[in-house]
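Quick notes on the structure that follows.
Laboratory data are not the source of any read-out in this text; all were calculated from the coordinates shown. Quick caveat, the model's predicted, so the values are computed rather than measured. When we count neighbours, we look across all protein chains shown, and the Cβ atoms used for this are built from the backbone with ideal geometry, even at glycine.
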Amino acid sequence: MIRHAWQFIQRRDERDILNYAKMNDSEFMQIALEEARASAQAGEVPIGAVLVHRDKILARGGNRTIRDCDPTAHAEIVVLREAAQKLSNYRLAETTLYVTLEPCAMCAGAIVQARVPRLVYGADDPKGGAFRTCFELLTSPKLNHQVEVTPGVLATEASSLLQSFFATRR
Ligand code: ZN
């Protein structure tokens with residue numbers, strides 16, 4: 001029986017068209033903000049992250065340190081772990097990490113370990129931001145991997161989420 005190659009080609013094209021509905025940085029950050037709000041609902045500090053691989057969302061999640069009794073369960077680590085599992089690879093080539101707050105030193109270290117090429121984040125973190133506010137780990141020439149960083153995407157939304165969360169706790 002002759003396989004009709006065009007059928008497969010057509011199916012692949014349909015799938016590609018779905019993937020072609022490309023989202024921009026602000027749209028991915030909106031999803032990270034949704035995850036941050038979900039974390040707040042769960043009583044966690046509202047920080048959310050999305051890991052995108054070739055324009056597709058591989059993982060999305062929020063801060064879960066309290067729920068998991070895990071000091072390393074920052075939103076970034078949560079999505080890096082899930083994405084690495086899905087790709088069966090601890091190196092996350094061709095990915096962009098979106099996170100609502102400037103990553104801390106631990107998360108910056110994990111981003112470098114995973115060789116994430118690009119980071120987009122919302123608000124700067126004066127309490128420990130490791131891109132530019134307290135440390136400059138992601139662009140250090142001493143490391144063999146530098147990250148392309150776009151800061152300040154929907155920063156106002158991200159910081160007002162944090163502010164209102166802490167205001168209700170005082
Ligand atoms: Zn962190």
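Among the residues making up the range 118-148, those that are touching an Asp or Glu at 6+ places or on another chain (Cβ under 6 Å) and either in a loop (DSSP other than H, G, I, E, B) or within 14 Å of the ligand (Cβ to nearest atom) (or both) are Tyr121, Asp124, Asp125, Gly129, Phe131, Thr133.
The single condition from (1) assigned to a strand (DSSP E or B); (2) within 14 Å of the ligand (Cβ to nearest atom); (3) surrounded by fewer than 22 Cβ atoms within 10 Å (Cβ to Cβ) that Val112 fails is (1). Considering only the range 80-103, I want to know if a residue exists there that is within 12 Å of the ligand (Cβ to nearest atom), touching a helix residue (DSSP H, G or I) at 6+ places or on another chain (Cβ under 8 Å), more than 20 Å from Ala38 (Cα to Cα) and of a type in the set (Val, Ile, Thr). No: zero hits. Taking the options Arg67, Arg60, name whichever one is more than 12 Å from the ligand (Cβ to nearest atom) and touching a helix residue (DSSP H, G or I) at 6+ places or on another chain (Cβ under 8 Å). That would be Arg60, the only listed residue that is more than 12 Å from the ligand (Cβ to nearest atom) and touching a helix residue (DSSP H, G or I) at 6+ places or on another chain (Cβ under 8 Å).
Every condition in (1) farther than 14 Å from Phe28 by Cα; (2) in a helix (DSSP H, G or I) is met by Pro103 except one, and the failing one is (2).
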